[in-house]
Each structure stands twice: as C-alpha cells, then as structure tokens.
Amino acid sequence: MERDVIIACDFKNKEELYEFLVPFKGLNPYLKIGMEIFYKEGPELVKKLHADGFRIFLDLKLHDIPNTVESAMRNLAQLGVEITNVHAAGGIKMMEAARRGLDSVEAGKNTKLIAVTQLTSISQEILENELLIKENLADVVKTYALNAKKAGLDGVVCSALEAPIIKELGLISVTPGIRFADNSVDDQKRVATPEYAKELGSTYIVVGRAITKAEDPVSAYKRCVKEFC
C-alpha cells in the first residue's frame with residue numbers, strides 16, 4: 001500500500017516556510033498547505049512549491065452550498081495539487097459538486113479529493129453536547145466516509161484510530177493528530193504515533209509540530225518516514 005508522510009506547514013507567511021524548507025533540499029517532502037498560510041500568500045505559493053518539486057495537500061476544507069463549492073473547486077483545480085479536501089458534513093450533493101468542479105479542469109483530474117469526517121480535536125463529549133450528534137463518534141466517521149464514497153471521493157481525513165474503518169471501505173485515509181510517543185498532544189484529542197498509525201492502516205499521516213517545532217526538523221521527518229513508511 002502506498003504510504004507517505006505529509007508535513008503540516010502551518011506557518012505565518014512564505015518567508016517562514018521557505019526558511020524551514022532550506023535543510024530539506026533534495027528530500028522534497030509532501031507538504032500540507034492549510035488555511036493560515038494560503039489565505040496570506042494565495043495560489044502563487046502553491047505554484048512555486050510545485051515548481052520546486054514539492055507535492056501538495058491543499059487543506060482548505062471547503063464547506064458551502066454545492067454550487068459555490070463546485071465553482072471554488074474549479075478554480076483550485078487549476079493548481080494541479082495532489083490532494084485537496086472538503087467537509088463531509090456538507091453532504092453528498094456538495095461532495096459530488098466538488099468532484100465535478102475538479103474533474104472539469106484538466107489539471108484537476110489527477111487530484112485526489114478527500115473529505116474531513118470529524119476533526120481530530122472533536123471528542124465524543126463535544127460531538128454530543130456541542131454539535132448535538134448523539135451517535136458514537138466511530139459510527140459518525142463511518143457514515144460520513146460512506147457518503148464520501150457514494151459521492152465519488154477518493155478518501156477521507158480522519159483520526160488514525162478510525163483508519164481501519166476507512167480501509168474496510170476501500171478508501172484512502174489521511175490522518176492528522178500524529179505525535180511521537182514523547183510529544184505533547186496539544187489541542188488534539190484523538191492522536192497516534194507514526195508506528196501505530198501504520199499498524200492501523202493509515203495511507204498518509206500529517207505531522208505538524210512534531211517536525212516543525214523539533215530542534216532538528218529533518219531528523220524528525222526522517223524518523224517519521226522510518227516509523228511509518
């Protein structure tokens with residue numbers, strides 16, 4: 001099975017990101033470009049990173065009415081990124097619209113489209129008391145993943161703890177909330193180590209602070225690759 005480590009590049013601006021990437025020259029790791037830096041630097045950042053040989057997971061989590069999502073995805077498709085995503089909570093029709101938007105542009109036809117099931121910061125308590133969803137968290141994730149499959153998506157974003165469910169459905173799983181055993185879990189609830197994520201069947205792991213805040217980010221990245229790939 002294809003597996004890879006994606007570095008979550010949650011930096012304030014492109015200058016911070018480029019400085020971080022200097023020692024990675026030649027390694028060209030997979031990068032997650034999220035809302036914080038994309039909203040600051042825009043599509044040009046993605047174009048430059050692609051030109052420099054980096055693969056990109058564009059993590060913008062689109063969530064709106066189907067027509068708006070389809071139009072937005074049509075624009076994002078022109079960037080030709082490897083992976084991008086929507087929120088599964090938008091429903092099947094919205095996810096189908098996102099798929100149409102991507103597929104309508106030649107550069108987007110090879111982009112994997114995935115859906116966020118539940119954020120790794122969401123616990124059973126939050127699900128029930130704040131979101132008023134009384135179902136078991138694992139059951140919610142499975143149902144959202146089934147909806148994504150019905151909509152023609154390639155996979156989902158989920159906790160590594162839920163990766164076995166996703167693997168059974170024949171979908172890829174992109175799993176954030178990855179920490180080394182000696183790391184803090186910070187603001188995430190459902191976390192796993194790279195080694196455990198591999199055992200659980202994650203396709204990709206997204207690793208942020210465990211790499212970006214490490215004393216030696218390159219060594220931390222290589223440790224992730226060794227434990228997961």
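Here are a few things to note about the model shown:
- Residues (within 15 Å of Ser173 (Cα to Cα) and at pLDDT 95 or above) located in the range 112-139: Lys112, Leu113, Ile114, Ala115, Val116
- Test: Leu45 is under 17 Å from Ala8 (Cα atoms), in contact with a Lys or Arg (Cβ under 8 Å, 6 or more places away or on another chain) and among the aliphatic types (A, V, I, L, M): yes
- Number of residues in the range 105-120 that are part of a loop (DSSP other than H, G, I, E, B) and more than 14 Å from the chain's Cα centre (by Cα) equals 3.
- Residue within the range 75-86 that is farther than 30 Å from Phe24 by Cα and either part of a loop (DSSP other than H, G, I, E, B) or of a type outside the set (Phe, Trp, Tyr) (or both) present: no
- Residues satisfying the stated conditions in the range 16-40, i.e. among the small types (Gly, Ala, Ser) and in a loop (DSSP other than H, G, I, E, B): Gly26
- The residue that is nearest to the chain's Cα centre (by Cα), among those in the range 126-143 that are surrounded by 13 or more Cβ atoms within 10 Å (Cβ to Cβ) and hydrophobic (A, V, I, L, M, F, W, C), is Val141.
- Residue among Asp64, Asp59 that alone is charged (D, E, K, R), farther than 25 Å from Asp4 by Cβ and either within 19 Å of the chain's Cα centre (by Cα) or part of a helix (DSSP H, G or I) (or both): Asp64
- Arg99 being of a type in the set (Lys, Arg), in contact with a strand residue (DSSP E or B) (Cβ under 9 Å, 6 or more places away or on another chain) and at pLDDT 95 or above: yes
- From the list Leu76, Leu21, Leu62, the lone residue that is in contact with a helix residue (DSSP H, G or I) (Cβ under 9 Å, 6 or more places away or on another chain), farther than 20 Å from Val157 by Cβ and surrounded by 20 or more Cβ atoms within 10 Å (Cβ to Cβ) is Leu21.
The values are calculated or read from the model by the stated rules, or taken from the named source; none is laboratory data. What you see is a predicted model, and the numbers here were worked out from it, not measured in a lab. Neighbour counts are summed over all protein chains in view; Cβ atoms, including those assigned to glycine, are modelled from backbone coordinates with ideal geometry.
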